[in-house]
1. For residue B:185 and residue B:404 in the same chain, what is the full-extension length gain: residue separation times 0.36 nm, less their Cα-Cα distance, in nm?
2. Kindly identify chain B as rounded, prolate or oblate by the Cα gyration tensor criterion: order the square roots of the eigenvalues as a ≥ b ≥ c, call it rounded if a/c is under 1.5, otherwise compare a/b with b/c, prolate if a/b is larger, else oblate.
3. Under a point spin-label approximation (7 Å from Cα along Cα-to-Cβ), what is the residue A:131-residue B:35 distance to one decimal in nm?
4. Quick one: go through region B:209-252 and flag any residue whose amide nitrogen is under 16 Å from the point 7 Å out along the Cα-to-Cβ line of residue B:194.
5. Show log10 I(q)/I(0) for region A:82-182 at q = 0.11, 0.15, 0.16 Å⁻¹, two decimals, from a solvent-free Debye sum over equal Cα scatterers.
6. Would you please calculate the Kirkwood hydrodynamic radius of region B:258-389 over all C-alpha pairs and express it in Å, rounded to one decimal?
7. So what's the angle, to the nearest 10 degrees on a 0 to 90 scale, between helix A:95-107 and the longest Cα principal axis of chain A?
8. Would you please calculate the Kirkwood hydrodynamic radius of region B:207-287 over all C-alpha pairs and express it in Å, rounded to one decimal?
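None of the figures in this text is laboratory data; all of them are computed from the coordinates on show. Predicted, not measured: the structure shown is a model, and the values here were computed from it. FYI the Cβ positions are ideal-geometry reconstructions off the backbone, even for glycines, and counts take in every protein chain you see.
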Ligand code: SF4
């Protein structure tokens, strides 16, 4: 089974450890993983900003790079959701491209969903000594229906206890460009999310989208919380727990 | 109401800085969000199926709005009511004032009508010598507070706390200050009773218009609606043309959705169906009934990308569940309708160029779309508004240029890799050896309330390449 890893731009730039953790998880599950070299950004930021032309151009580019594989997997609910649901819609006017978009969409998965639902992975390498709480990011949760999969997989991590925080499904306030354009509103929403994280006194908050995680981490640190770790679910499942492997 | 939506950013900032308001918002959210969740869980069958049914009813109406409106007009007229049409706020005021003049009215009691806010009807009535008296408790509070605009569509005075209302009542009614809610409610009732008995005209909104019977349905929790519609000799209903539903049965379906979504009630305290004028056998009811059916931008949505917005039944669930509304409240949005539905409606009804922030002021988390009882894709509509803003050149050029440059680079992998590498070096330099960046110069909005985590060091691309090379 040939799987292409879509690294996502934030992972590439900010936190390569997430990409390597995803790579290891897929390889451990028996996939032959390729990382197409020319990949850049899926175009979701342009699409959300209302720049349809730019988003369509990036969609075509991404399709061309990834369409030869059996599956495309991204450690991000929002990028996977974008490819899955938006590419066909963005290219709807162009029958040939639209067909290619639909084929790719049907093969594209968010990492935990792919591991749990497609590969039915039951054991993971990760070890974590302590408790974590899981934040449901909006696109993964509401766009792709990801809720049980990361929890089920985290349940397989040796030593890990999962504690549910209040309002785990509430938006963290990131919203891409929103976090910069409306910094004060975004920060206020993030502060509420962090209060919920702290309320359960877990050692770490874990999530599936790096944007949200950076938002939460930045807020916790600014508030002086140096103790609560902020980890991507791939890092916990693979056992790298934040280290570049 | 004149739109202040262009000041969203500033008004939002002020709301965030007001601890009193923040406390109030937190309480409100708890109330509405939790009670809706309980009501949905307790619903005897599948709430999502009910939402589908609600959506279908509303779609059926909107698809053939003219047909249903004609039927409504015919049925309402048969029952002795007059049906008038208004294309904008000015025409609403003109109709209502003409009716007031015809019947020699100098006082009008009102139950809640958001359209009268759209039209600034109270100001027009006052200017023409007709005293408007709001009888919904929330609206009454806002009226005596110097005609403040509502901050929520079903709890208009949601931004006021008990102490403020106590002060307001004592000052306005010249009575000893009371702080118990029942005592305050009783005091308002006493004051309003006098108005109920002396008003020549009642003005109401309408939650639904029922085509097959020519009736208006009013859904309230205070009972003021039925006094407004039955006591005065003249009853004027001011509603939007999209408020129509085909049959009583459809109305019953929507009534399963509306109170549960709005307040978490199975049914509201009062549901009135008013049909025509008082007949010879009726104990009460108005002698004259007028329907003012208002366009004010609605017809323009038919056949557009935003037609789905016309399904809205004004339950308020979207704002109750919106993280942005929960943080900044309704006044920040600057016009009659706040929250996600308001962001869409204000942009469409008052002009995209007058509400530049509203489509942007959303994380697109789509919690609103998940709770909307008629499945309006509110986040998607906000995103489409952003597209229109971009097409019409309504975004700052710097923003568009930055996005265009980013997209241009992202289509050139080698250049992109270089830019990523340099970007990461720059961020690491900003971090100065720490694991965080405290001031993000290029995006100051981020760092007012947060640090920015520093990149791990090198890009994934670089690390992966060297890993592959060492493997080989
Ligand atoms: S958009 Fe939906 S949730 Fe919002 S007020 Fe209208 S019906 Fe209610």
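1. Values: separation 219, 0.36 × 219 = 78.84 nm, distance 5.72 nm.
Full extension from residue B:185 to residue B:404 adds 73.1 nm.
2. On the way: a/c = 2.30, a/b = 1.85, b/c = 1.24.
Because a/c hits 1.5 or more and a/b exceeds b/c, chain B counts as prolate.
3. Taking the simple label geometry, residue A:131 and residue B:35 are separated by 3.2 nm.
4. The answer is none, because no backbone nitrogen lies closer than 16 Å to the label point.
5. -0.48, -0.79, -0.86
6. Details: mean 1/r = 0.0607 Å⁻¹.
One over the average 1/r among Cα pairs gives 16.5 Å for region B:258-389.
7. 30
8. Values: mean 1/r = 0.0747 Å⁻¹.
Over region B:207-287, the inverse of the mean reciprocal pair distance is 13.4 Å.
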